[in-house]
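Enquirer: Provided herewith is a single structure, encoded as C-alpha cells, for subsequent inquiry.
The values are calculated or read from the model by the stated rules, or taken from the named source; none is laboratory data. Just so you know, these numbers come straight off a predicted model, no measurement behind them. Glycine also receives a Cβ, built like all others from the backbone with ideal geometry; neighbour counts cover every protein chain displayed. Note: accessible area is taken over every heavy atom of the protein model, side chains too, but ligands, DNA and RNA are not part of it. Shrake-Rupley method; radii C 1.70, N 1.55, O 1.52, S 1.80 Å.
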Number of protein chains: 2
Amino acid sequence: MLTNQVVMDVGSTKANILRIVKGHPKSGRYVATHPMAGTEFSGPDAAIVNLYRDKNVILCDVEKSDDDALGLVKNVYKSIGMKILYMESKAHDIHAAYVSHISHISSFALSLTVLDKEKERKNILDMASGGFESTVRLAKSAASMWMPIFMLNDENVLDVMNNYIGKLQQFRDAISNKDEGEITRLIEESNKIKKVLDRKEEPVLIESAYDR
Amino acid sequence: MLTNQVVMDVGSTKANILRIVKGHPKSGRYVATHPMAGTEFSGPDAAIVNLYRDKNVILCDVEKSDDDALGLVKNVYKSIGMKILYMESKAHDIHAAYVSHISHISSFALSLTVLDKEKERKNILDMASGGFESTVRLAKSAASMWMPIFMLNDENVLDVMNNYIGKLQQFRDAISNKDEGEITRLIEESNKIKKVLDRKEEPVLIESAYDR
C-alpha cells in the first residue's frame, strides 16, 4: 500500500472540506489550496497558456499537512510561477466571499436585470460598450461550479450580500432624494478601490516568512 | 452673425437636455448624440488611439435637427469609424440606465462592500484575481461625470436599481434556503447573456435604414 500519496485540493471554499478531512486517519496527506486564477469559461477549450504565472495561490491550514506532502504541492505551484500565500481556512472563506463570490453574484444579477428588460425592448445591446461587458462577464460562469460554492460558503456569502444590498439601497435613497452631495460621497468613497488595486501590484514575498 | 454653427452633444442622457433645447429659437442647430465608447478614466491622459473605431454612436430625435447640422455630425462620426444608430431620446435613456448606468452603480457598490471589509481584515486583496478586477473596474469612474448622469436619469435608474436589488434578493433567498435548484436556475438564466453578447458581434447596418 502506498504511503506517499498526496491529495491536492484546488477548490474555492476551504473550511467545510477541512472539517471533513480532519477525521480521516491519513488527513496529513491532504493539502488545501486555492489558486487565484481562471476565467468565466470551463473545460479543455478554456485552457490558457501561463494562466498561473505570477498569480497568487492560497495554502490553508498548512500545519495540518505532512511536511513532504506540503513540500510537493509547493514545488508544483512554484514550478508554474505562482506566488504562495498562507491563510487560515475560515479567514480564506470570508475573504473569498468578499472578493470572488460576490463579484459573481453581482454579475449574475446584472445579467438577469438586463435580460428582463430585453424582453420588452429591442436594441438594448446596441448600447453595450466595454463597461457593461466587463461588469457582466462573470455571468457566463457555469452553475455546476458556482452553485456548490454558494452552498458551501453560504454564511459568508449571505453576510456579503446583505452588505452589498445595503450599499445599493444607500445609492437608491441618495438618487431618490436627489441628494447630489450623498451621491458624490458614495462614488468618491468607492473610488478608493483604485489605491487598493494598485497596491496589489507591489512585489510581496510572503512565501519566505512562513517557509518550512 | 453666424448661421451655420452646430452644437454636438455627446453626453450620456438625452431626454432632459432635449426638453430644454426645444424652446430655443435655434434648436435645429443642436444634434443629440451618445457615442458608446470610453473607459473608467478621465482627462487627456486617458486618451486611447482609435477609441471610437467600430463602436456604436446613438443619434437621438434626429428629426428635430436641421439637415445640414445632422449631416455634419454624421460625417464626423463616420470619419472616425463609428456605426450610427438612431433612437428616440426617452428610449435611449431607458436603455442607457439598463446597460450602462446600472453597471456603474453595481461596481461602485461592490467597491464599497469590499472596502468595508478591508477595514476589518488585511490580505483581502491578495485574493483579487481577474474576476474581481473586471467587475469592480468601473468603480474608478469619476463622480463629476456620474453624479449628474444619475441625477438627470433618476427615474429610469431607480427602476433598474429596484429590479437589480430584487434579483439579488432572489439569490439571497435561494442561498439562505439552501435551494440548490433555484440557485442553479438563476445562474443558468443569467448565462443567457452569452447569446446576447455574441449577437452584438454580427455586422448590422442600421445606418442605411434611416439615412437622410
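Enquirer: Would you confirm whether or not the range A:29-41 contains a residue that is modelled with pLDDT of 95 or more and of a type in the set (Phe, Trp, Tyr)?
Expert: Looking through the range A:29-41, at least one residue is modelled with pLDDT of 95 or more and of a type in the set (Phe, Trp, Tyr).
Enquirer: For the list (1) more than 23 Å from residue B:89 (Cβ to Cβ); (2) of a type outside the set (Asp, Glu); (3) at pLDDT 95 or above; (4) in contact with a helix residue (DSSP H, G or I) (Cβ under 7 Å, 6 or more places away or on another chain), I need the number of the one condition that residue B:181 fails.
Expert: (4)
Enquirer: State which residue is modelled with the highest pLDDT when the search covers only the range B:1-17 and only residues that are touching a His at 6+ places or on another chain (Cβ under 8 Å) and surrounded by fewer than 16 Cβ atoms within 10 Å (Cβ to Cβ).
Expert: B:10
Enquirer: Further question: Name the residue that is nearest to the chain's Cα centre (by Cα), counting only residues in the range A:153-162 that are open to solvent by 10 Å² or more (accessible area, probe 1.4 Å) and more than 8 Å from chain B (Cβ to nearest Cβ).
Expert: It comes out as A:156.
Enquirer: Which ones in the range A:42-72 are touching a residue at least 40 places away in the same chain (Cβ under 8 Å), more than 19 Å from residue B:127 (Cα to Cα) and within 21 Å of the chain's Cα centre (by Cα)?
Expert: Selection gives A:42 alone.
Enquirer: Just give me the residues in the range A:10-29 being in contact with a helix residue (DSSP H, G or I) (Cβ under 7 Å, 6 or more places away or on another chain), over 17 Å from residue A:91 (Cβ atoms) and either polar (S, T, N, Q) or outside any helix (DSSP H, G or I) (or both), in sequence order.
Expert: Matches in the range A:10-29: A:27 only.
Enquirer: Only one of (1) within 12 Å of another protein chain (Cβ to nearest Cβ); (2) touching a strand residue (DSSP E or B) at 6+ places or on another chain (Cβ under 9 Å); (3) not small (Gly, Ala, Ser) is not met by residue B:61, so which one is it?
Expert: Unmet for residue B:61, out of (1) within 12 Å of another protein chain (Cβ to nearest Cβ); (2) touching a strand residue (DSSP E or B) at 6+ places or on another chain (Cβ under 9 Å); (3) not small (Gly, Ala, Ser): (1).
Enquirer: Would you pick out the residues in the range B:172-188 that are surrounded by fewer than 20 Cβ atoms within 10 Å (Cβ to Cβ) and farther than 21 Å from residue A:116 by Cα?
Expert: Hits for the range B:172-188 are B:176, B:177, B:178, B:179, B:180.
Enquirer: What pairs can you find where one residue is in the range B:130-152 and farther than 16 Å from residue B:106 by Cβ and facing chain A (nearest Cβ under 7 Å), the other is of a type in the set (Lys, Arg) and part of a helix (DSSP H, G or I), and their Cβ atoms are less than 7 Å apart, with a gap of 6+ or different chains?
Expert: none
Enquirer: Being among the charged types (D, E, K, R), facing another protein chain (nearest Cβ under 7 Å), in a helix (DSSP H, G or I) and closer than 17 Å to residue A:140 by Cα is the filter here; which residues of the range B:164-192 pass it? Quick ask: steps written out before the conclusion?
Expert: From the range B:164-192, those among the charged types (D, E, K, R) are B:167, B:172-173, B:178-180, B:182, B:185, B:188-189, B:192; that's our starting set.
Next cut, facing another protein chain (nearest Cβ under 7 Å) only: B:167, B:172, B:178, B:180, B:188-189, B:192.
In the following step, the residues that additionally are in a helix (DSSP H, G or I) were identified as B:167, B:172, B:180, B:188-189.
Within the range B:164-192, B:167, B:188, B:189 qualify.
Enquirer: Which residue is modelled with the lowest pLDDT, if the candidates are limited to the range B:51-78 and must be open to solvent by 90 Å² or more (accessible area, probe 1.4 Å) and part of a loop (DSSP other than H, G, I, E, B)?
Expert: Only one residue fits best here, namely B:54.
Enquirer: Starting from the range A:106-119, take each residue that is under 19 Å from residue B:108 (Cα atoms) and of a type in the set (Gly, Ala, Ser) and list its partners that are at pLDDT 90 or above and open to solvent by 10 Å² or more (accessible area, probe 1.4 Å), counting only C-beta distances under 7 angstrom and pairs at least six apart or across chains.
Expert: Taking only residues 6 or more apart or on different chains, the pairs are A:109/B:167.
Enquirer: Residue B:113: modelled with pLDDT of 95 or more and within 14 Å of another protein chain (Cβ to nearest Cβ), yes or no?
Expert: Taking the combined requirement at face value, the residue does not satisfy it.
Enquirer: Across the range B:22-41, what is the number of residues that are free of Cβ contacts under 8 Å to residues at least 40 places away in the same chain and away from chain A (no Cβ under 13 Å)?
Expert: Number satisfying all stated conditions: 6.
Enquirer: Another one. Looking at residue B:104 and the list (1) outside any helix (DSSP H, G or I); (2) open to solvent by less than 40 Å² (accessible area, probe 1.4 Å); (3) at pLDDT below 95, which single condition is not satisfied?
Expert: The number of the failed condition is (1).
Enquirer: Of the conditions (1) more than 30 Å from residue B:164 (Cα to Cα); (2) open to solvent by 80 Å² or more (accessible area, probe 1.4 Å), residue A:41 satisfies every one except a single condition; which number is it?
Expert: Of (1) more than 30 Å from residue B:164 (Cα to Cα); (2) open to solvent by 80 Å² or more (accessible area, probe 1.4 Å), only one is false for residue A:41: (1).
Enquirer: Within the range A:133-151, work out how many residues are under 18 Å from residue A:17 (Cα atoms) and open to solvent by less than 40 Å² (accessible area, probe 1.4 Å).
Expert: Number of matching residues: 5.
Enquirer: Same structure again: Return the pair list, or none, for Cβ contacts closer than 8 Å from residues in the range A:157-174 that are in the same structural domain as residue A:105 (by TED's automatic domain parsing) to residues that are not in a helix (DSSP H, G or I), at least 6 apart or on different chains.
Expert: Cβ pairs passing all conditions: A:173/A:179.
Enquirer: On to the next question. Name, by its number, the condition in (1) at pLDDT 95 or above; (2) buried (at least 16 other Cβ atoms within 10 Å of the Cβ); (3) not charged (D, E, K, R) that does not hold for residue A:169.
Expert: The failed condition is (2).
Enquirer: Can you work out which of the residues in the range B:80-101 that are assigned to a helix (DSSP H, G or I) and of a type in the set (A, V, I, L, M) is nearest to the other protein chains (Cβ to nearest Cβ)? Walk me through how you get there before you give the answer.
Expert: Initially, the range B:80-101 is screened for residues assigned to a helix (DSSP H, G or I), giving B:89-101.
Still in the running and of a type in the set (A, V, I, L, M): B:91, B:94, B:96-97, B:99.
Numbers: B:91: 7, B:94: 7, B:96: 6, B:97: 9, B:99: 5 Å.
Going through the qualifying residues, I end up with B:99.
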